[in-house]
Amino acid sequence: MPKIVAARVIVTSPGRNFVTLKIECDDGTTGVGDATLNGRELAVASYLADHVVPCLIGRDAHRIEDIWQYLYKGAYWRRGPVTMTAIAAVDVALWDIKGKIAGLPVYQLLGGAAREGCMVYCHANGTSIEDTIAVALAERDKGYKAIRLQCGVPGLSSTYGVAKPGQRYEPADANLPTEAMWSTEKYLRVVPELFAAARDALGWDVHLLHDVHHRLTPIEAGRLGRDLEPYRPYWIEDPTPAENQDGFALIRRHTTTPIAVGEVFNSIWDCKTLIETQSIDYIRATVVHAGGLTHLRRVAALADLYQVRTGCHGATDLSPVTMAAALHFGLSVPNFGVQEHMPHTEETDAVFPHGYSFADGMMHPGDAPGLGVDIDEELAAGYEYRRAYLPVNRLEDGTLFNW
Ligand code: GCO
Ligand code: MG
């Protein structure tokens, strides 16, 4: 048996913060898992280093399910983003180790390729509709078959999903949270105009997506979904906060626009009602925040019973280790829908050398044994952690609102 002899938590900031767990076995085999929880990184680093790593030493790295159950049930305190991100890091590192020992890419261990590649969607954003469409046209020329559209809202100085001029979109951009302003009325006017302009410019052969980022009430979301129906969006994402899951049934009563949700979910219990009541079409829970490959495959299996497809979160705050894991997952599950793809910076890519690739709108994890991704610890050591928060959002009268 490959015995776990060491596990290190590596915090690095090549342009943004990432937490990585590296597990080492007595035969020299190593595996990596992403443990990044945007804006709360050190909480997971401590959970791992102080509470999980001591329990791993001496265990058989092949017993992935047993270790998963040990960390989940054995902690007594179940679920929650910090716990489930820490468990995910261990789980993914163990799959990496198992693949390396077997001499097979992880997707082969998960049942093999169920398709040729994973369709990915990219981001097109701009302060105006025109700028957003120009970016979307350029992204389509790169081969993307699915594009997420976000534009500035006239009357609001900034909004979710729109980069500052000349920069890439990076939400966790400040030492203390910056404050943005929100108006649902102004927002609801601009999105249908954006989609109308996009269909005029891009035609009908590309999937168009949009992220509402938890900002509407269910009835407002129903209205947006209905207003967008003529433009046939692939989905609207996070139309309303998902704590009250009954709200999604209300959205369903008013629109046939497909609904995606789940990037902040961390277990199958967050997904269960929404899936079983067929209130959603795509589940966006991710490998890193929902307990790793072992648990996300369980979510996918439940979703498959109800024809709900996957659409995993893949923003730049999820490291290349998660991207690799997501592609092994996406290639192998029967009910894959689409995978989010926000390319990382060159600095990040250099710290995490990887074998996954993009061609013709699809991504493939590559065929190296294991995940096909690693962390260059020497390079990582040169990038010191710096605190970085997501913004907060207020209504125009100052009321704190959903970011
Ligand atoms: C997305 C997400 C991100 C999140 C970010 C938070 O759909 O990609 O909504 O933009 O805001 O990952 O850390
Ligand atoms: Mg989102």
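Tabulated results
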{"read-out": "Peptides 63-71, 190-198 ordered by average Cβ neighbours within 10 Å, highest first", "value": "190-198, 63-71"}
{"read-out": "Whole-Å distance, taken between Cα centres, linking segment 291-330 and segment 54-68", "value": "22"}
{"read-out": "Candidate lysines for bridging to Lys100, where Cα separation is under 27 Å - those fewer than 8 sequence places away on the same chain excluded", "value": "Lys3, Lys22"}
{"read-out": "Value of relative contact order over segment 207-254, rounded to a whole percent, pairs C-alpha under 8 Å and six or more apart", "value": "53"}
{"read-out": "Set of segment 173-195 residues, backbone N closer than 20 Å to the point 7 Å along the Cα-Cβ line of Leu137", "value": "193-195"}
{"read-out": "Gained length - Ser157 relative to Tyr389, 0.36 nm times residue gap less alpha-carbon distance", "value": "81.6 nm"}
{"read-out": "Proximal lysines to Lys164, defined as alpha-carbon separation beneath 27 angstrom and excluding residues fewer than eight positions away on the same chain", "value": "Lys142, Lys145, Lys186"}
{"read-out": "Ranked by how many other beta carbons lie within 10 Å on average, peptides 18-27, 73-82, 104-113 from highest", "value": "18-27, 104-113, 73-82"}
{"read-out": "The chain: relative contact order as a whole-number percent, Cα under 8 Å and 6+ apart", "value": "23"}
{"read-out": "Ranked by how many other beta carbons lie within 10 Å on average, peptides 322-330, 244-252 from highest", "value": "322-330, 244-252"}
{"read-out": "Computed over segment 109-367, Cα set: Rg, Dmax in Å", "value": "17.5, 52"}
{"read-out": "Residues of segment 150-252: accessible area per residue with a 1.4 Å probe, Å²", "value": "45"}
{"read-out": "Contact order relative to length of segment 252-403, as percent, for alpha carbon pairs under 8 angstrom and 6 or more apart", "value": "16"}
{"read-out": "Kyte-Doolittle at least 0.0, axis length at least 30 Å by Cα - qualifying DSSP helices, the chain", "value": "81-102"}
{"read-out": "Sparse-neighbour loop sites [chymotrypsin sites (Phe, Trp or Tyr not before Pro); segment 112-171; at most 16 other C-beta within 10 Å; DSSP]", "value": "Tyr169"}
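The values are calculated or read from the model by the stated rules, or taken from the named source; none is laboratory data. Every value quoted in this text rests on a predicted model; they were computed, and no experiment measured them. FYI the Cβ positions are ideal-geometry reconstructions off the backbone, even for glycines, and counts take in every protein chain you see. Calculation scope for accessible area: heavy atoms of the full protein, side chains included, ligands and nucleic acids excluded. Shrake-Rupley method; radii C 1.70, N 1.55, O 1.52, S 1.80 Å.
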